[in-house]
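As structure tokens, the structure follows; a few thoughts come after it.
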Amino acid sequence: MRNTRLALALIAIMIAMHTKAQHQKPNIILILVDDVGYKSLTCNGGNLYSTPNIDKLAKQGMRFTQCYSSPACSPSRHIILTGKYNFRNYIDWGKMNINEKTIGNMMKKAGYKTGFFGKDQLGSGDKGLKSWGFDAYCIHDPAEILVAKNRYKNPHIYTHGDFLPDSLTLNRYGPDIVSDSLLGFISKNKAEPFFVFYPMILVHKPICPTPDDTAFANWDARNKKSDTSFYSSMMHYTDKKIGELITKLKNVGIDNNTVIIFTGDNGTATKVADHAEDDSIIMGGKQLTAEAGTHVPLIVYWPGTVKAGAVNHDLIDFTDILPTLAGIAKVPTPTNYGTLDGISFFPRLTGKHGTPRNWIFNDYVKQPYIHIHKRWAQTKFYKLYDTSSENPRRLFYNIRTDVNEEHPIANDSLTAEEAVIKQQLLDVITSYVAQGIPIISAPSLSSLTGFSVTLKDTIYQNGGSTVTASGAVWSTKPDPEIPSSSHTSTETLQGPFSTEITGLTPNTTYYIRAYAVNFAGTVYSNQVKFTTLDVPVATKATEINSNKFTANWNAYSGASTYRLDISESPTFTKVGTRIMAEGFDSGIVAPEGWTISSNIKAATSVFGVSSPAIKFTASKQRITTALLSGPAIQLKFWIKGMGTDDTSSLLVEGFDGNDW
């Protein structure tokens, strides 16, 4: 009897926990599959790959036919995470501002446990993910995206602030490790609401065997070349991981209270087939701004709320995900994240009318400085470009009859209706151009002297509208601005630039910032505080004749150790070791790693074609040449305080062959 009562009590507890789980806020899993375009899925008309689990999600949920991403991985991730178009938040490929607010921050504030599982590609690892609101993570590609690292066999997986040791990843498959971590997160948090961002590693290149292929056992993970014969297997494995996720939700009893949103970050890779039509293979369009590169699948599965088998033809772009998640979580869309661009399609999930879009917009910069910048707006049938790579061109297409955008419609060929649509799209673009502000990195300083400094910085993109001026602004007071402070200007409108600031006062503290100006106003970088050096004072040279001389100077407080170069310019090259016969009245051995400049102009074999670059202490404030074999034509002494920037220097004295 006692055992019976205990069993009944346990059953009651389990029922209570299950009931609590089913009536709490819905769990949300946002899946972002890598490099899978719209037509790669069977449910969207694809006919080359088998995706039964994803198709089942579509059959039991709502399938969207008009969802659009950016054409490449990193820009799309910035958009979907922040709810902003790239001109507001895109710094560089694989680098998101650590101060950005994301869907992770929003969901965590709403009381959700948050997890990030899959490909990171945001550039800040543990520090960034926590700043962006994610409690747990298991990721590939946390920072150095340009460094080739294994994502599939023998993967490099990062979790809890470090990479898993090779002993735990040897002969294992990256997507399996990430999936196992995700399923563990679900088990741990099944009794309370959770939000998961699942940017899958699959099916990004290199295309290679999965554990379901016999070739996997002998596959060399160092082989970074793709073998497209394995693409079908990778698509199947992607679908398999989705199936395992669904099974897990059912096994822990929370499937009916979990929303699954499935989409892709951009079109299918260009080197593999997307689908086939009329016996013709259609290749993928990743990195193309046409339909093949931006049209992606979107499926929302929410048992009991989303009508099974529903098909929605609304225009959707990735900025819409954040406000839609806010609706699902029953929280207001944040008002302190900066300007958000999305329109919630949450009402459409519940059968209400909502506010479907009439157009979508994109400001696409693949990677700064490689001349790929395209800005456009589109309806379901027409598309207007404001830019085309390098040259501004307003190309207008009917994207239903000209899906590959090969035949722009000339103005004199527009119908009356098309003319109205083109103007409406131009108005959309113009409104965003007016909002765009430049994005500037933190400046760096070089060539610091007592009188000058060089500022280097980067305008990462033109912020949606054309930059008209850039440069540096400085003052002895914090937060200098134009026109209250001194400033320089450059002709750089996008990309890296440098500008020299002269006329400064020695031993003075300054504040300096880079700036850029466009139609939206002036934007400043973070400021840098610096102090100019004390100036070493040259004293009269002695023992001057055509074959020998001594230069003298006073010490200064910039450093206790100096480096001296005798040449036409302060080169301070680091090449090798030379033994000097001149200097300090005796022979000097150059420090290891330092060599002499080749810019000396002297008719002498003592210097040869070079001059000394010598390291010495502050007590050595004089240098004397050895006896020259011929008269010096021109010599300049440059002094540099060690511990300050290696490229900076100060002219101490010059000799033109007659006078100092």
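The values are calculated or read from the model by the stated rules, or taken from the named source; none is laboratory data. Not measured: the values here are computed from a predicted model. Cβ atoms come from the backbone with ideal geometry, glycine included; neighbour counts cover every protein chain shown. Please note that ligands, DNA and RNA were not included when accessible areas were found on the heavy atoms of the full protein model with its side chains. Shrake-Rupley method; radii C 1.70, N 1.55, O 1.52, S 1.80 Å.
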Of (1) open to solvent by 40 Å² or more (accessible area, probe 1.4 Å); (2) within 33 Å of the chain's Cα centre (by Cα), Val467 satisfies every one except (1)
Residue match in region 416-435 (condition: in a loop (DSSP other than H, G, I, E, B) and open to solvent by 40 Å² or more (accessible area, probe 1.4 Å)): no
Can you work out which of the residues in region 370-385 that are part of a loop (DSSP other than H, G, I, E, B) and at pLDDT 85 or above is least open to solvent (accessible area, probe 1.4 Å)? Thr379
The lone condition Asp126 fails out of (1) under 28 Å from Ile328 (Cα atoms); (2) buried (at least 20 other Cβ atoms within 10 Å of the Cβ) is (2)
Note on region 313-369: residues among the basic types (Lys, Arg) and either crowded, with 23+ Cβ neighbours inside 10 Å or not in a loop (DSSP other than H, G, I, E, B) (or both) are Arg348, Arg357
Just to be sure I understand, how many residues within region 280-294 are surrounded by 24 or more Cβ atoms within 10 Å (Cβ to Cβ), touching a strand residue (DSSP E or B) at 6+ places or on another chain (Cβ under 6 Å) and not in a loop (DSSP other than H, G, I, E, B)? 1
Return the total of residues in region 50-67 being at pLDDT 95 or above, open to solvent by 10 Å² or more (accessible area, probe 1.4 Å) and assigned to a loop (DSSP other than H, G, I, E, B). 0
Of the listed residues (Ile501, Ile439, Ile459), the one being open to solvent by less than 30 Å² (accessible area, probe 1.4 Å) and in contact (Cβ under 8 Å) with a residue 60 or more places away in the chain is Ile439
When you scan region 249-271, how many residues do you find that are of a type in the set (A, V, I, L, M), more than 26 Å from the chain's Cα centre (by Cα) and open to solvent by less than 30 Å² (accessible area, probe 1.4 Å)? 4
Flag for Pro408 being in a loop (DSSP other than H, G, I, E, B), open to solvent by less than 20 Å² (accessible area, probe 1.4 Å) and more than 22 Å from Asn86 (Cβ to Cβ): no
Take the conditions closer than 27 Å to Ser76 by Cβ, open to solvent by less than 20 Å² (accessible area, probe 1.4 Å) and assigned to a helix (DSSP H, G or I) and apply them to Leu182. Does it pass? yes
Which residue pairs have Cβ atoms closer than 6 Å, lie 6 or more positions apart in sequence or on different chains, and pair a first residue in region 284-309 that is within 19 Å of Thr51 (Cβ to Cβ) and touching a residue at least 12 places away in the same chain (Cβ under 8 Å) with a second residue that is aromatic (Phe, Trp, Tyr) and open to solvent by 10 Å² or more (accessible area, probe 1.4 Å)? His295/Tyr38; Val296/Tyr38; Pro297/Tyr38
Selection count where residues are among the aliphatic types (A, V, I, L, M) and more than 15 Å from His236 (Cβ to Cβ), scope region 26-61: 7
Scanning region 151-176 residue by residue, those under 18 Å from Asp213 (Cβ atoms) and part of a helix (DSSP H, G or I) turn out to be Gly174, Pro175, Asp176
On the given criteria, is Pro75 in contact (Cβ under 8 Å) with a residue 40 or more places away in the chain, on the phi < 0 side of the Ramachandran plot and open to solvent by 10 Å² or more (accessible area, probe 1.4 Å)? no
Can you find a residue in region 299-312 that is part of a strand (DSSP E or B), within 20 Å of the chain's Cα centre (by Cα) and surrounded by 21 or more Cβ atoms within 10 Å (Cβ to Cβ)? no
Please verify whether Asp135 is touching a strand residue (DSSP E or B) at 6+ places or on another chain (Cβ under 8 Å), under 12 Å from Phe197 (Cβ atoms) and open to solvent by 20 Å² or more (accessible area, probe 1.4 Å), treating the condition exactly as stated. yes
Pick from region 68-96, criterion under 8 Å from the mean Cα position of the chain (by Cα) and part of a loop (DSSP other than H, G, I, E, B), ranking: modelled with the lowest pLDDT: Trp93
Does Phe116 fit the bill of being open to solvent by less than 10 Å² (accessible area, probe 1.4 Å), over 27 Å from Arg222 (Cβ atoms), out of contact with any Ser or Thr (no Cβ under 9 Å at 6 or more places or on another chain) and aromatic (Phe, Trp, Tyr)? yes
Asp180 versus (1) in contact (Cβ under 8 Å) with a residue 24 or more places away in the chain; (2) within 25 Å of Gly253 (Cβ to Cβ): which is the lone unmet condition? (1)
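Condition check ((1) of a type in the set (A, V, I, L, M, F, W, C); (2) assigned to a strand (DSSP E or B); (3) within 26 Å of the chain's Cα centre (by Cα); (4) crowded, with 20+ Cβ neighbours inside 10 Å) across all residues:
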{"position": "Phe451", "(1), (2), (3), (4)": "yes, no, no, no"}
{"position": "Gly471", "(1), (2), (3), (4)": "no, yes, yes, yes"}
{"position": "Trp474", "(1), (2), (3), (4)": "yes, yes, no, yes"}
{"position": "Ile482", "(1), (2), (3), (4)": "yes, no, no, no"}
{"position": "Tyr510", "(1), (2), (3), (4)": "no, yes, no, yes"}
{"position": "Arg513", "(1), (2), (3), (4)": "no, yes, yes, yes"}
Regarding Gly450, is this residue small (Gly, Ala, Ser) and touching a helix residue (DSSP H, G or I) at 6+ places or on another chain (Cβ under 8 Å)? no
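To keep it simple, each residue is scored yes or no on (1) touching a residue at least 60 places away in the same chain (Cβ under 8 Å); (2) under 28 Å from the mean Cα position of the chain (by Cα); (3) crowded, with 17+ Cβ neighbours inside 10 Å; (4) closer than 30 Å to Leu325 by Cβ.
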{"position": "Ala191", "(1), (2), (3), (4)": "yes, no, no, yes"}
{"position": "Val203", "(1), (2), (3), (4)": "yes, yes, yes, yes"}
{"position": "Thr210", "(1), (2), (3), (4)": "no, no, yes, no"}
{"position": "Asp220", "(1), (2), (3), (4)": "no, no, no, no"}
{"position": "Thr238", "(1), (2), (3), (4)": "yes, yes, yes, yes"}
